[in-house]
Amino acid sequence: MTATIHTGLTRSERSTVAQELSKVLADSFAVYMKTHGYHWNVRGPEFFTLHTLLEQQYRDIWAALDEIAERIRALGEFAPQAHSTFANLTSIQDGDPDKDAPAMLKELMQDHETLIATARAALTVADDEGDDVSVDLLTQRLSAHEKFAWMLRSTLGGR
């Protein structure tokens, strides 16, 4: 059954936004996986603090993955679900558990900054297409990832 979608957006507008949201979903999934992996593998004198910080971040990202994927579905498109599809949509590299804690945090901070750029680009497209719901979702994700990058940067001693 093919249902007509009446959201005030054309099929083309919905598809364009969904493509951008798919990139945000892929970057978010990559950052989730790396954050969770570093949560497991971080070590050193600040282990507990970093373990807890990374857990707070990966739990937030995990919840957001569902929101982003469901928005893609609400736009009438399929959300990407295969690792290979995600790999083709993201530029974020896998984490390395051999890294020391500062290197892990620096890499995650940079990954959040990459995700912020992806989300900003998607927000611009969503705004251009008149998709206020996706703009709202992306604004919320930008706020979260800017905060996460700041927390990591501050933990590393930066501004």
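The values are calculated or read from the model by the stated rules, or taken from the named source; none is laboratory data. The model shown is predicted, which means the values in this text are computed figures rather than measured ones. Neighbour counts run over all protein chains shown; Cβ positions are idealised from the backbone, glycine included. Just so you know, the surface numbers come from the protein's heavy atoms only, side chains and all, with ligands and any DNA or RNA stripped out. Shrake-Rupley method; radii C 1.70, N 1.55, O 1.52, S 1.80 Å.
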**Message:** Treating only the Cβ of Lys, Arg, Asp and Glu as charged (+1, +1, -1, -1), what charge dipole size does the chain show about its Cα centre? Round to the nearest 20 debye.
**Reply:** 240
**Asked** In deg cm²/dmol and to the nearest 500, what is the mean residue ellipticity at 222 nm of the chain if only DSSP H runs of at least 4 residues count, each as -39500 (n - 2.57), divided by the residue total?
**Response** -26000 deg cm²/dmol
**Request:** Pop out the ³J(HN,Hα) list for region 68-73 in order, Karplus 6.51 cos²θ - 1.76 cosθ + 1.60 with θ = phi - 60°, rounded to Hz; leave Gly and Pro as x.
**Result:** 5, 4, 5, 5, 4, 5
**Request:** Compute the distance in nm between two label points, each set 7 Å from the Cα along the Cα-to-Cβ direction, one at residue 83 and one at residue 51.
**Result:** 2.6
**Förster radius 35 Å - calculated FRET efficiency between residue 147 and residue 12 (Cβ-Cβ, nearest 0.05)** = 0.55
**Request:** Pull out the extension gain between residue 136 and residue 91, defined as 0.36 nm times the separation in residues minus the alpha carbon to alpha carbon distance; nm, one decimal.
**Result:** 13.8 nm
**Prompt:** Can you give the accessible area of residue 99, probe radius 1.4 Å, in Å² rounded to 10?
**Reply:** 60
